[in-house]
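S.K.: Below is a structure I'd like to ask you about.
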């Protein structure tokens, strides 16, 4: 685990923590110091609740272990003390106010989410926070440090052992998770992934 060296801070919304391969890549990059990842217990609760609803083969204890590993991999990721900000935040979907409140409390530059429409620029600009799709965010990280992103993807794929996953299968999985531009950038490195 590396010490975070970047000051660029993002809150990872629950929807980007649900698909395991995307979560793994985002956490690997944060642990490497490329950016500072933040989340809350409420965000953890949301993604784990949704996984358990869709994946009846998993047990709560397994996801509790994943949460603990995430918290250990990215030191100081947990945002606390944001709850008092929630009532003052106006969004199309009130259920997303806690994410913006956490971003404000964390001094985040962006929220990484698939739900861009629910976090409009007009609502976030007052807080100097940007909502970014994970494909845009990962492509930007690739532009900042191409070798580090390639190594992160290599480490993520190497952890997939039961069953083992080829580099092409790994990239196909990321592409199915709405990351076509990131995958296009990684594909030339498939031989070393």
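The values are calculated or read from the model by the stated rules, or taken from the named source; none is laboratory data. Treat the numbers as computed from the prediction; the structure is a model and nothing was measured. As a convention, Cβ positions derive from the backbone with ideal geometry for all residues, glycine included, and neighbour counts pool all protein chains shown.
S.K.: Only one of (1) in a helix (DSSP H, G or I); (2) touching a helix residue (DSSP H, G or I) at 6+ places or on another chain (Cβ under 8 Å); (3) buried (at least 18 other Cβ atoms within 10 Å of the Cβ) fails for residue 150. Which number is that?
M.R.: Residue 150 satisfies all of (1) in a helix (DSSP H, G or I); (2) touching a helix residue (DSSP H, G or I) at 6+ places or on another chain (Cβ under 8 Å); (3) buried (at least 18 other Cβ atoms within 10 Å of the Cβ) except (3).
S.K.: Does any residue in segment 49-65 that is free of Cβ contacts under 8 Å to residues at least 12 places away in the same chain and in the same structural domain as residue 13 (by TED's automatic domain parsing) come within less than 7 Å, Cβ to Cβ, of a residue that is outside any helix (DSSP H, G or I) and surrounded by 13 or more Cβ atoms within 10 Å (Cβ to Cβ) six or more places away or on a different chain, and which pairs are these?
M.R.: Pairs that qualify, where the first residue is free of Cβ contacts under 8 Å to residues at least 12 places away in the same chain and in the same structural domain as residue 13 (by TED's automatic domain parsing) and the partner is outside any helix (DSSP H, G or I) and surrounded by 13 or more Cβ atoms within 10 Å (Cβ to Cβ), are 52/58.
S.K.: Considering only segment 105-114, I want to know if a residue exists there that is in contact with a helix residue (DSSP H, G or I) (Cβ under 6 Å, 6 or more places away or on another chain), in the same structural domain as residue 36 (by TED's automatic domain parsing) and more than 19 Å from residue 30 (Cα to Cα).
M.R.: The answer is no; no qualifying residue exists.
S.K.: Does at least one position in segment 164-180 carry a residue that is within 20 Å of residue 17 (Cα to Cα), surrounded by fewer than 17 Cβ atoms within 10 Å (Cβ to Cβ) and in contact with a helix residue (DSSP H, G or I) (Cβ under 7 Å, 6 or more places away or on another chain)?
M.R.: Yes, segment 164-180 contains a residue that is within 20 Å of residue 17 (Cα to Cα), surrounded by fewer than 17 Cβ atoms within 10 Å (Cβ to Cβ) and in contact with a helix residue (DSSP H, G or I) (Cβ under 7 Å, 6 or more places away or on another chain).
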